[in-house]
Amino acid sequence: QVQLIESGGGLVQTGGSLSLSCAASGRTFTYVMGWFRQAPGKEREFVAAIRDSWSGRITDYADSVKGRFTISRDSAKNTVYLQMNNLKPEDTAVYYCASKSAPPSRIYKEYAYWGQGTQVTVSS
């Protein structure tokens with residue numbers, strides 16, 4: 001069983017930065033850790049994912065955030081981070097941390113474990 005707790009959301013102006021954290025309990029070393037977001041009236045969408053394996057670390061980003069967001073992982077703390085820079089109003093959403101067993105995926109329905117979500121609001 002995996003439990004995920006997000007933190008770090010808030011209100012920021014366009015062009016600003018925020019950092020989200022996702023603390024995981026349970027054995028998640030080889031699990032895929034992902035960030036998704038959901039804006040009002042829209043479907044949940046993939047943001048970024050990271051996976052550690054014995055052969056290395058793999059990251060993946062949605063095109064809309066590539067170059068602005070960075071996903072990272074501190075395995076010792078069992079925590080995943082999402083550093084968000086140059087934020088835009090269209091980044092406004094509830095951000096969710098999620099976890100699944102390998103292989104990596106951009107499909108939210110394939111993720112078994114979810115955090116409660118944290119609101120990110122970018123004002124124009």
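Taking the conditions (1) surrounded by 11 or more Cβ atoms within 10 Å (Cβ to Cβ); (2) modelled with pLDDT under 95 in turn, S124 satisfies each one other than (1).
Residues in the stretch 75-93 that are closer than 17 Å to E6 by Cβ, modelled with pLDDT under 95 and either in a loop (DSSP other than H, G, I, E, B) or open to solvent by 50 Å² or more (accessible area, probe 1.4 Å) (or both): K77, N78. Can you pull out the residues in the stretch 16-58 that are open to solvent by 30 Å² or more (accessible area, probe 1.4 Å), of a type in the set (D, E, K, R) and part of a strand (DSSP E or B)? Matches in the stretch 16-58: E45, R51, R57.
Look at the stretch 12-23: where a residue is at positive phi and a partner is assigned to a loop (DSSP other than H, G, I, E, B) and not charged (D, E, K, R), sitting 6+ places away or on another chain with Cβ atoms under 8 Å, you get G15/N86; G15/L87.
For the stretch 102-112, the tally of residues that are out of contact with any Lys or Arg (no Cβ under 7 Å at 6 or more places or on another chain) and either part of a strand (DSSP E or B) or surrounded by 14 or more Cβ atoms within 10 Å (Cβ to Cβ) (or both) stands at 2.
The values are calculated or read from the model by the stated rules, or taken from the named source; none is laboratory data. None of the values given here were measured: they were computed from a predicted structure. Positions of Cβ are backbone-derived with ideal geometry, glycine not excepted, and every protein chain shown enters the neighbour counts. Remember, those area values only see protein heavy atoms, side chains included, never the ligands or the DNA or RNA. Shrake-Rupley method; radii C 1.70, N 1.55, O 1.52, S 1.80 Å.
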